[in-house]
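Visitor: Got a structure here, written out as structure tokens. Questions coming.
The values are calculated or read from the model by the stated rules, or taken from the named source; none is laboratory data. As the structure is a prediction and not an experimental result, all values here were calculated from the model. All Cβ positions, glycine included, derive from the backbone under ideal geometry; neighbour counts span all protein chains shown. Heavy atoms of the whole protein, side chains included, go into the accessibility calculation; ligands, DNA and RNA do not. Shrake-Rupley method; radii C 1.70, N 1.55, O 1.52, S 1.80 Å.
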Amino acid sequence: MSGNKKPDLKKEDLIKSPRAIKKHYENSPINDDDFRLSPKGLTPEERAEALDKFQDYEKQQKQFFLGYQANQKLNYSKTLSQYLDYHINNIGDPFVEGNFTVNSKMMERAVLDYFAVLWNAKLRPDPKATLSYEDWKDSYWGYVVSMGCTEGNVYGLWNARDYLGGKILLVDPKAEVAARKASLDGVAAPINQHGMYYQAKASKENPNAYSPVAFYSQDTHYSIVKAMRVLSIHTFNEIGSGKFECPLKYPEDYPPNYSKHYLDDNGWPLEVPSNEDGSIHIPALVKLIDFFSGPGMGYPVMVCFNYGTTFKGAYDNVKEAVDKLVPILKKNNMYTRKVYYDDKKFDIRNGFWFHVDGALGAAYMPFIEMAVQSKQLAMPLDFSFPIFDFRIKEIHSIAMSGHKWIGAPWPCGIYMTKVKYQLQPPDDPMYIGSPDTTFAGSRNGFSSMILWDYLSRNSYKDLIKKAIQTEEMAAYAKTQLEKLQEKLKTDLWIEYTPLSLTIRFKKANPGIVFKYSLSGEDLYVNDQKRSYSHIFMMEHVDRKKIDSLIEDLSKPGAFPPQSPKKQVQSFEYEPQHAKRILYVPKTGRGFK
Ligand SMILES: *Cc1c(COP(=O)(O)O)cnc(C)c1O
């Protein structure tokens, strides 16, 4: 565009930072200079030019998007675009209306009921009926999160930490009296209904009774690790390594092909070992939990199961794991226990918390189960469906992303637990008029509308069809990659975890990685470092997209040589007087 079209805006007006990133991506047609702002705003022409470039870019990238578990086939604008000019906020608890009336809580509650039915939770009773806590305690509670599944995971583990940690919330009997007295000092005193947050005291016999220990597999998403850090929750490795002998013996207690190089200097794994397919190795989990909850230890335990891991798409067999863990927890008096907050007053709680990170799988595996049951999807004879939901009565919480398999224009998701496990934060800000039970203050009301719109347009029948179609696309992509492998006469390291929606293979060149937005991960295999790419079969992925990828992958230079001996670049320094505590993923596990 020529300079004289924008008389008010000179080049010098644009805010130019000295930052290094000029080009958006190596192979990208646009760069940061196309989008610079100025204190004077931009002229209509300049804006239009930037927006055109933006549209071209997003359209192009959406067209070939294959690398992440985010559905790009969206169909919301017709019904919902008008609400971009509303501020719809679901602040506070979904089941309490509150005074912020421009909300979509009626849709949020419908969506939550839908997932409660899908995940076999008990629906909430009629609040108008005079019911006791007994009538409520087994029913579900949940909310539509503003972030993605990360928020559901952090919220679930926060709840788990306080529940296992012996935190108690009671109504403060002194609040109103205190406010009345304070007002005598001359200043208007608010009469907030206070809760009081208490900490139960651990007994001398078991000082660890309220110190929860976390267990999660080495394939776990980094949001769980983030929750550990945000919430200062300790992992079994932090508590055990260097202090006790590891209850797992190498190699017999580890999955086949588990490398002992994953063990730390004290012979402990940093995370619970995974099987090769990415699912948690149940025998190791059981041994670890027996040790930590057992005699002389007495720690309450929290387990984060994966239902659709980020890189391999694997499903932990939650049912099998719980079936094996329950007798162990009973034996160690951790299945239920009394949490005393007075000499004679106590809560009966579990000494464990089972959280399911179902970011991906919790959305579609129920439909796969229906497809298998109705014989629309053939499974091997020895196949048993990995049940993960509230049919397992020991499950405490489930989290799911809404923007992955279902599809939404921004991150969203669901968190669900049962009323009896809820521990409400003490504040009940009167100006909202609705208890502060959720993670965020203001909550995204649009996400509930998106999910409602989607679920109202699709029947179970439609969703079973979609689930089968995504599984079939995975089979197609695998076959095409295998054909390519034969043609190229080279090992492309193609791997596929059964029933997952992802296939991993040798990392493609940067041009292909950019074009298809391919996510990657580095793994060591037989002492050799391998870089992988992976693709995810979401609804928008069709044969045409797969064929296009295969065509690009069959061109010379598609798979740049990898130097297997090349070490991961690392800083040699290791502090002598600070304890190692956590693995914090920097790449892989969906991070990059
Ligand atoms: C994507 C993902 C998350 C995080 O979800 P966001 O919606 O990205 O916050 C958590 N766990 C697993 C297994 C995931 O794949």
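Visitor: Here is a check on your reading of the model: is SER274 open to solvent by less than 30 Å² (accessible area, probe 1.4 Å), touching a His at 6+ places or on another chain (Cβ under 9 Å) and among the small types (Gly, Ala, Ser)?
Guide: Judged against the criteria, SER274 is a match.
Visitor: Here's a follow-up. For region 494-512, give me each residue that is free of Cβ contacts under 8 Å to residues at least 40 places away in the same chain and open to solvent by less than 40 Å² (accessible area, probe 1.4 Å).
Guide: ILE494, ILE503, PHE505
Visitor: Exactly one of these conditions fails for MET473: (1) on the phi < 0 side of the Ramachandran plot; (2) at pLDDT below 95; (3) open to solvent by 10 Å² or more (accessible area, probe 1.4 Å); (4) not aromatic (Phe, Trp, Tyr). Give me its number.
Guide: Only one criterion in (1) on the phi < 0 side of the Ramachandran plot; (2) at pLDDT below 95; (3) open to solvent by 10 Å² or more (accessible area, probe 1.4 Å); (4) not aromatic (Phe, Trp, Tyr) is unmet by MET473, namely (2).
Visitor: Further, regarding this structure: Only one of (1) more than 22 Å from the chain's Cα centre (by Cα); (2) among the aromatic types (Phe, Trp, Tyr); (3) open to solvent by less than 60 Å² (accessible area, probe 1.4 Å) fails for PHE100. Which number is that?
Guide: (3)
Visitor: Report, by residue number, each residue of region 399-437 that is polar (S, T, N, Q), at pLDDT 70 or above and surrounded by fewer than 24 Cβ atoms within 10 Å (Cβ to Cβ).
Guide: Once the filter is applied, which keeps residues that are polar (S, T, N, Q), at pLDDT 70 or above and surrounded by fewer than 24 Cβ atoms within 10 Å (Cβ to Cβ), region 399-437 yields GLN422, THR437.
Visitor: May I pose another question? Restricting region 121-168 to residues that are within 16 Å of the ligand (Cβ to nearest atom) and not in a helix (DSSP H, G or I), which is most open to solvent (accessible area, probe 1.4 Å)?
Guide: Here the answer is MET147.
Every residue, every condition in (1) within 16 Å of the ligand (Cβ to nearest atom); (2) at pLDDT below 95; (3) closer than 23 Å to ALA314 by Cβ, yes or no:
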| residue | (1), (2), (3) |
| --- | --- |
| LYS506 | no, no, yes |
| LEU523 | no, yes, yes |
| LYS544 | no, no, no |
| TYR583 | yes, yes, yes |
| GLY588 | yes, yes, yes |
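Visitor: Name the strands (runs of 3 or more DSSP E) wholly inside region 305-420 in which the number of residues that are within 16 Å of the ligand (Cβ to nearest atom) is 2 or more.
Guide: In region 305-420, the matching strands (runs of 3 or more DSSP E) lie at 352-357, 395-401, 413-418.
Visitor: Report, by residue number, each residue of region 81-97 that is open to solvent by less than 70 Å² (accessible area, probe 1.4 Å) and either in contact with a Pro (Cβ under 9 Å, 6 or more places away or on another chain) or of a type in the set (Phe, Trp, Tyr) (or both).
Guide: Scanning region 81-97 gives TYR83, GLY92, ASP93, PHE95, VAL96.
Visitor: Mind checking which residues of region 273-304 are more than 15 Å from the ligand (Cβ to nearest atom), in a strand (DSSP E or B) and of a type in the set (Val, Ile, Thr)?
Guide: Hit for region 273-304 is VAL301, nothing else.
Visitor: For residues in region 239-271 being modelled with pLDDT of 95 or more and part of a helix (DSSP H, G or I), which is least open to solvent (accessible area, probe 1.4 Å)?
Guide: GLY240
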